[in-house]
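Trainee: I'd like to ask some things about the structure below.
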Amino acid sequence: METVAPFKEIIEVIKEQGGDAFKYCYQCGLCDTVCPWNRVRDFSMRKLIREATFGLTDIESEDLWRCTTCGRCPQYCPRGVKQIESGVALRKIATENDIFPGPIAPIRTVSVGLMGEGNPFNEERKKRGEWAEGLNVKPFTESMEVLYFSCCYLSYAPRLKKVAAATADILNKAGVKFGILGSKESCCGESIRKTGNEELFKKLAKENIRTFIDAGVKKILVSSPHSYHTFKNEYPEFMVHFEVVHISQYLSELIISGRLKLTKEYNKKVTYHDPCYAGRHNGIFEEPREVLKSIPGLKLVEMADNRADSLCCGGGGGRIWVETPKGERFSDLRLEQAITAGATTLVTSCPYCITNFEDSRLALEDTEALEIKDITELIQEMM
Amino acid sequence: MENEIAQKNLIDVLVVGGGISGIQASLDLANSGFKVYLIDKSPAIGGKMSQLDKTFPSNDCSMCIESPKFNECSRHPNITILTYTEVGTVKGKPGNFKVTLVKKPRYVVESKCTGCNICAEYCPVKVPDKYNQELSSNKAVHIYFSQALPLIPYIDPETCLYLKDGSCAICEGVCKPGAIDLHQEEEEIEVEVGAIVLSPGFETFDPKLRTDFGYGVMENVVTSLDYERILCSTGPYEGTIRRPSDKKHPEKIAWIQCVGSRQITPGGNSYCSAVCCAYTQKQVILTKDHDAGIEATIFHNDIRAFGKDFERFYQRAENLPDVRFIRSYVSVGKEIPDSKNVTIRYSTTDDGVKEEEFDMVVLSVGLNPPSDVQGLATTFGIELNKHGFCKTNPANAIETSRPGIYVSGAFIGPVDIPESVVAASGANALCSELLSYRRGDLSKEREYPVEKDVSEEEIRIGVVTCLCGANIGRVVDTPGVAAYAGTLPNVVYSEENLFACSTENAQLIADAIVKHNLNRVVLAACTPRTHEPLFRDTCREAGLNQYFFEFANIREHCSWVHSKDKEGATAKAKDIIRMSVARAAELEPLQEFELPVNPQVLVIGGGLAGMTSALSMANVGFEVYLLEKENDLGGMARRIHYTIDGFDVQPHLKELIRKVYRHPSIHVYLDAAITDASGYVGNFTTTVKTEGQIKVIDHGAVIIATGAEEYKPTEYLYGTDDKVLTSLELEDHIIRRDEKVVNSRSLVMIQCVGCRQTDRNYCSRVCCNQSIKNALKMREMNPGMDIHILFRDMRTYGLKEDYYREASEKDIKFIRYEPADKPVVETAVEGGHHIIRVTVTDPILGKKLAIDADLLTLAAAIIPSPSTQSIAKLFKVSMSPDGFFQEAHVKLRPVDFAADGIFMCGIAHYPKHITETISQAYAAAGRAINLLSRDTVTASGAVCDVDENDCVSCGACITACSYGAISFHDTPKGKKATVNPVLCKGDGLCNAKCPTQAIKLKHYTDDEIFAQIDASVPDDERGQCPGAAGCAGCGSH
């Protein structure tokens, strides 16, 4: 057996980068038992923590990059190890040293896009508002009820542009006075921060904050739970407090207040997938379910892992930009759970989840067995 | 009863909470001469202990050891039990509190009810049975549990149809004594009390509040308290292990430790609940006893076997076949829809995460403060700690923040039964100190008529056949049995009785003795174990010698075991009664001895324990002789300067020493050595050599507090390298602010040095906390120091778990090692400096860590003091296998020796923390006060006696006696054995050993027993051997 000595300097560096909470670990192993990775392959958060405790982290290891920040282990951790923040500390060190092993390499390109064009796809900034063309969507002005922040995925990704369109359609039909910032909007920065690129996050956040303030934004409606999370819980680090509402919450409000009327029937079994950053991280569990239950004919069924125990799609923590090999995708398991629950439609409300689920759907034997819909897409059909 | 309360509302001590701690406190207080009210908010006393199947580590039946105490309380002239009662308000000050008691309506008039339970039989409403953890059902009116005290039903107002909407009053109609009162109202009782003891107990953590383990959703996930009921013969499945979903016998059971404990997760408790490791091991052992084929798996993250004999108990569980202890916290995977089995996911260091299926999962739930603890605190005006337990002082954990109000049991914090009992006895000492001026003023003694001489009378036996409600009556044809009993020789009276033990019916028996001039009484009913004292008392009240009473057990020995065979049971009941009648005819009147008690106490050992006991007893008013072998008081505590919870030990010690020296009733003998000890309870004589003089001390009780010692390690370079210290030595350096030590750059501590190994197979209990305490102190003095603690299991039990986390927070690093792969310690030179290199395998890293230290401390074991053996010999008391003193009963008599009148406290009993030692010292004082408060001690009449003519002086009886009750004495015919009746326990071992039958046990003489055996076959059947082909001829006919 190899003999090593604790590496004091590394311990200090990890601490400085925000990994101080590693010290609390008493190695009970609970994190490993709830971690979704251990449903598809071996991965030990406990070992990662233990190595960090003694400054023995292998900074070139791919394991540093596995965590999807789904929030399962900190939710259960009896010692308050703050696995997400602590794990990000290790990635900060890797990022500072420009170490992105094998499959993690795309993060470099993503950063370039975010830095230059404010989106991870390196698409042109000026095209950011193009999705809204012909949809009767106006630029945001101060007098409007709400700013709709569509996020990079809904602005550029073809599959998700449909979600943006559905959202705009619903808002218009409900008579909501809303607008968008188009090319002035930048990536919210949530996911790049989780890869340890704190500097880039700060840049993006400051840009957005400046834009929001300049435009007189008070209330922000978001489609992505990741945007929701960072606006609500992380932007206040810059001493700004915007009112943030997630589309699933907003839909629920519109229905309750009678602004949105659902007329059609949906006679299918539907299951709802709780995105980690809406559910576990921010406690949005019941509003989307209330929305679905208000659809005539719809039968809502629950998957084995639901609400606070929801199974991550695999897209958080920057993993959306990393190619996960077949057989190791959580989203494959999630689709199985949906089918086992008897659902023919899997509804969610997160661009990463939709992206991963659509990928996994293509791998299904019968690709028609399950439809993947954003909650806005289903509501749009029901109006 | 109501009137009685109104008139006599002046009492000494109010005990709030009738669990084992409250019961023990009441008994100790009442026996010390105080008038006590024992109240409980539930319908019966007994608390959580009454729900347990067995107790660790002795695996005694919980109810069997607790219920005799119920009866002791109920018969005690100075204890009044009020159940279904809570405290409304508390005003006043120590010595004179004014308390309002609120007695909730139970809708059953206690004075009229006979406990026959007919009401429950007829009640149409089924409700989940709370006593059985809602795993079975009961009725809206029912007796809380079958051994409940009082044995009186209560009506649940939530579910009773009458109380809900007036639609049913069946119970009222069927109750023959008219005890049901559906219009009963809440009653307020004002009392004036001198002191209050709070023993409200605990609640178990409710895993339903968080869904993480599927409790309440998955049927086969149960809590450990549910499982106690499942194991218990009075539980929902009558003691067969079944799982709730399909009532099938599970084959694979998992236990999950620390449910609700050792976590900062919202809804959980940060502290360790201290009892779960041991109770789980108990459940595993019992499960394997029930069905050796069951596979048991225990998931944990430290086995905390810190109590006396716990380490062996753990090994006993671990070494059973198909038992696995797996070090991992777990999550519940899923419930399998068809089988309702549950999967558990756990971590391993070698094979990653595994998911395994179990038939049943037991959640080892932790202990929470009592429900509505905030309300309790407000009512009594006491403070709580941050966990919601009673705020106490490390110098005295039995005192609350309000003078005159004391605390015992799990309200102090999570503790097991012995510690609850210790605090209860300790509360007696503290109440006795406070109320010494009025001790005995309110208490009363029972008075009996003059005993009649029946020696010249013909034998007149009365037989009473009890129906025990339906217990006997439903199975045995009691009218037939009673009629039969009337035909037996010498029987002049035979009657049936629905419930002989109810106060009214017992009076009927006493009346019959007088009216029919009976001189023997046979009661065909339940067990002498719980009820004999009551009926002996009945005989005394009728002027009959109590040894003329004879029990025929037709319940446990008959109706309960033959409930399916009524005819057979009836025949057997007749046999049992016939045998008892035959024995009764031979019974002799016996006298109990009363011996004076010398009210002085000898305390051996002038450490913290001995001094605390001595001072408490002196404050109560007893003369105390305190012996110390050294030339000054203080003992081991002189080496302990601070505790982990911030108690500054030395000022306390100095003040205690000062008080002890100055107390006029304490006689301190230093440099003391005991040269001789003789005598027995109430009358000991001890000879002491002290400072060149010989002193002979007469005393009624002894408290042994001789302490223990620190092990001198031979391991890890101790003694060869001055950088290696023991924990106590480190503490000394810390206190002296030794620069070399304080300025160390790197400190390593190794735990479990010298114990938890074959030759010292116990845990020294204090070392984990001691190391953390020192580590935190070192961190305070030198923030830059590297500190590593190498441990096997961190045993920061109870509220001390918080310090374990605090140590982690302060960057003290913990590394687990296995006993088979101990750390390797060697000297090395690094950068020109002499250092110590400690190499240890880290199981999670799968690597060896080499840590360079300039200071290594060893958590050395606490070992018994050499004086333990000589003291044990002098006072004929026993020692545990580990060489500490052995208590009479590990659960319920934790400070008593088996020999009466001798008590123990401190680390001579077992390693323990200072606060625990102080509590135990008060407990020993409380027990001794109990004894010395009496003018006399009573010795049973059923003891052995020697016929000196037949004694051949072989001494066989002397060696057979476990109590040292027999000795030789000189007679004109030489040495003859003689029995000291005070010490004799009547077990009869000596009778079996005596070659000449010179020694006999009174009340169980050959004549009595042979008469009983002869009557086992009825006269008319005797000599009618049916014979058989090839009969060898037994000669019996």
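The values are calculated or read from the model by the stated rules, or taken from the named source; none is laboratory data. Keep in mind it's a predicted model, so treat the numbers as computed, not measured. Heads up, the Cβs are rebuilt from the backbone with ideal geometry, glycines too, and the neighbour counts pull from every protein chain shown.
Trainee: Checking the structure you have, find out if any residue of the range A:35-57 is of a type in the set (A, V, I, L, M), facing chain B (nearest Cβ under 9 Å) and crowded, with 22+ Cβ neighbours inside 10 Å.
Mentor: Scanning the range A:35-57 turns up at least one residue that is of a type in the set (A, V, I, L, M), facing chain B (nearest Cβ under 9 Å) and crowded, with 22+ Cβ neighbours inside 10 Å.
Trainee: I'm checking my understanding of the structure. Among residues of the range B:183-235 that are within 25 Å of the chain's Cα centre (by Cα) and part of a strand (DSSP E or B), which one is surrounded by the fewest Cβ atoms within 10 Å (Cβ to Cβ)?
Mentor: My answer is B:Glu203.
Trainee: Within the range B:65-98, which residues are of a type in the set (Asp, Glu) and either out of contact with any helix residue (DSSP H, G or I) (no Cβ under 7 Å at 6 or more places or on another chain) or over 22 Å from B:Lys48 (Cβ atoms) (or both)?
Mentor: The answer is B:Glu86, and nothing else.
Trainee: Return the residues of the range A:58-73 that are buried (at least 23 other Cβ atoms within 10 Å of the Cβ) and of a type in the set (S, T, N, Q); say none if nothing qualifies.
Mentor: Scanning the range A:58-73 gives A:Thr68, A:Thr69.
Trainee: Could you list all residues from the range B:105-132 that are of a type in the set (A, V, I, L, M) and in a strand (DSSP E or B)?
Mentor: Those that are of a type in the set (A, V, I, L, M) and in a strand (DSSP E or B): B:Val108, B:Val127.
Trainee: State yes or no: is B:Ala637 in a helix (DSSP H, G or I) and under 17 Å from B:Leu728 (Cβ atoms)?
Mentor: In short, yes.
Trainee: Restricting attention to strands (runs of 3 or more DSSP E) lying wholly within the range B:756-846, give those where 2 or more residues are within 13 Å of chain A (Cβ to nearest Cβ) and over 28 Å from B:Cys277 (Cβ atoms).
Mentor: B:824-830, B:833-842
Trainee: Output the residues belonging to the range B:549-599 that are over 22 Å from B:Val491 (Cα atoms), acidic (Asp, Glu) and assigned to a strand (DSSP E or B).
Mentor: Selection gives B:Glu594 alone.
Trainee: List the strands (runs of 3 or more DSSP E) that sit entirely inside the range B:391-508 and contain at least 2 residues that are closer than 23 Å to B:Phe548 by Cβ and at pLDDT 95 or above.
Mentor: In the range B:391-508, B:461-466, B:491-497 are the strands (runs of 3 or more DSSP E) which contain 2 or more residues that are closer than 23 Å to B:Phe548 by Cβ and at pLDDT 95 or above.
Trainee: Tell me yes or no: at least one residue of the range A:2-25 is of a type in the set (Lys, Arg), more than 13 Å from every other protein chain (Cβ to nearest Cβ) and farther than 19 Å from B:Ile815 by Cα.
Mentor: Looking for residues that are of a type in the set (Lys, Arg), more than 13 Å from every other protein chain (Cβ to nearest Cβ) and farther than 19 Å from B:Ile815 by Cα, one finds none in the range A:2-25, hence no.
Trainee: Note down all Cβ pairs under 9 Å where the first residue falls in the range A:86-106 and is free of Cβ contacts under 8 Å to residues at least 60 places away in the same chain, the second is surrounded by 15 or more Cβ atoms within 10 Å (Cβ to Cβ) and aromatic (Phe, Trp, Tyr), and they're at least six residues apart or on different chains.
Mentor: A:Phe100/A:Trp65; A:Pro101/A:Trp65
Trainee: Identify the single condition in (1) more than 14 Å from every other protein chain (Cβ to nearest Cβ); (2) assigned to a strand (DSSP E or B); (3) of a type in the set (S, T, N, Q) that B:Thr378 does not satisfy, given that it satisfies every other one.
Mentor: Among (1) more than 14 Å from every other protein chain (Cβ to nearest Cβ); (2) assigned to a strand (DSSP E or B); (3) of a type in the set (S, T, N, Q), B:Thr378 violates only (2).
Trainee: Would you pick out the residues in the range B:688-715 that are farther than 19 Å from B:Ile640 by Cβ and basic (Lys, Arg)?
Mentor: Result: B:Lys689, B:Lys695.
Trainee: Looking only at the range B:850-865, which residues are within 14 Å of another protein chain (Cβ to nearest Cβ) and buried (at least 22 other Cβ atoms within 10 Å of the Cβ)?
Mentor: Of everything in the range B:850-865, those that are within 14 Å of another protein chain (Cβ to nearest Cβ) and buried (at least 22 other Cβ atoms within 10 Å of the Cβ) turn out to be B:Ile851, B:Ala853.
Trainee: Any residue in the range B:570-591 that is of a type in the set (Ser, Thr, Tyr), within 14 Å of B:Leu467 (Cα to Cα), surrounded by fewer than 23 Cβ atoms within 10 Å (Cβ to Cβ) and within 33 Å of the chain's Cα centre (by Cα)?
Mentor: no
Trainee: Find the residue count for the range B:163-181, including only residues that are surrounded by 15 or more Cβ atoms within 10 Å (Cβ to Cβ), in contact with a Leu (Cβ under 7 Å, 6 or more places away or on another chain) and assigned to a loop (DSSP other than H, G, I, E, B).
Mentor: Matching residues across the range B:163-181 total 1.
Trainee: Can you name the residue in the range A:260-279 that is surrounded by fewer than 23 Cβ atoms within 10 Å (Cβ to Cβ) and of a type in the set (D, E, K, R) and, of all such residues, is nearest to the chain's Cα centre (by Cα)?
Mentor: Among residues in the range A:260-279 that are surrounded by fewer than 23 Cβ atoms within 10 Å (Cβ to Cβ) and of a type in the set (D, E, K, R), the one nearest to the chain's Cα centre (by Cα) is A:Lys269.
Trainee: Somewhere in the range A:61-73, is a residue in contact with a strand residue (DSSP E or B) (Cβ under 8 Å, 6 or more places away or on another chain) and within 14 Å of another protein chain (Cβ to nearest Cβ)?
Mentor: Looking for residues that are in contact with a strand residue (DSSP E or B) (Cβ under 8 Å, 6 or more places away or on another chain) and within 14 Å of another protein chain (Cβ to nearest Cβ), one finds none in the range A:61-73, hence no.
Trainee: Then there's this: Does the range B:296-337 hold any residues that are outside any loop (DSSP other than H, G, I, E, B), farther than 19 Å from B:Thr348 by Cα and more than 9 Å from chain A (Cβ to nearest Cβ), and which are they?
Mentor: B:Phe310, B:Glu311, B:Arg312, B:Phe313, B:Tyr314, B:Gln315, B:Arg316, B:Ala317, B:Glu335, listed by residue number.
Trainee: In the range A:369-383, is there at least one residue being small (Gly, Ala, Ser), in contact (Cβ under 8 Å) with a residue 12 or more places away in the chain and either crowded, with 20+ Cβ neighbours inside 10 Å or outside any loop (DSSP other than H, G, I, E, B) (or both)?
Mentor: no
Trainee: Tell me the residue from B:Pro528, B:Pro533, B:Pro479 that is without any contact (Cβ under 8 Å) to a residue 40 or more places away in the chain and within 28 Å of B:Glu592 (Cα to Cα), please.
Mentor: Answer to the check: B:Pro528.
Trainee: Considering only residues that are crowded, with 24+ Cβ neighbours inside 10 Å, part of a helix (DSSP H, G or I) and within 14 Å of another protein chain (Cβ to nearest Cβ), which ones fall in the range A:74-93?
Mentor: A:Gln83, A:Ser86
Trainee: What are the residues in the range B:244-294 that are surrounded by fewer than 23 Cβ atoms within 10 Å (Cβ to Cβ) and within 14 Å of another protein chain (Cβ to nearest Cβ), if any?
Mentor: Correct list: B:Ile264, B:Thr265, B:Pro266, B:Gly267, B:Gly268, B:Ser270.
Trainee: Using beta carbons and a limit of 7 Å, which pairs, at least six apart or on different chains, have the first residue in the range A:296-309 and more than 12 Å from chain B (Cβ to nearest Cβ) and the second one surrounded by fewer than 16 Cβ atoms within 10 Å (Cβ to Cβ) and polar (S, T, N, Q)?
Mentor: Between residues of the range A:296-309 that are more than 12 Å from chain B (Cβ to nearest Cβ) and residues that are surrounded by fewer than 16 Cβ atoms within 10 Å (Cβ to Cβ) and polar (S, T, N, Q), the close pairs are A:Gly297/A:Asn267.
Trainee: Something else about it: Among the residues of the range A:179-229, count how many are crowded, with 20+ Cβ neighbours inside 10 Å, part of a strand (DSSP E or B) and over 12 Å from the mean Cα position of the chain (by Cα).
Mentor: 4
Trainee: Given the structure, is A:Glu96 within 26 Å of A:Cys25 (Cβ to Cβ) and either of a type in the set (Asp, Glu) or within 14 Å of chain B (Cβ to nearest Cβ) (or both)?
Mentor: Criteria met by A:Glu96.
Trainee: Kindly indicate which of B:Glu731, B:Glu739, B:Glu715 is over 16 Å from B:Pro823 (Cβ atoms), acidic (Asp, Glu) and either in contact with a Lys or Arg (Cβ under 9 Å, 6 or more places away or on another chain) or within 14 Å of chain A (Cβ to nearest Cβ) (or both).
Mentor: B:Glu731
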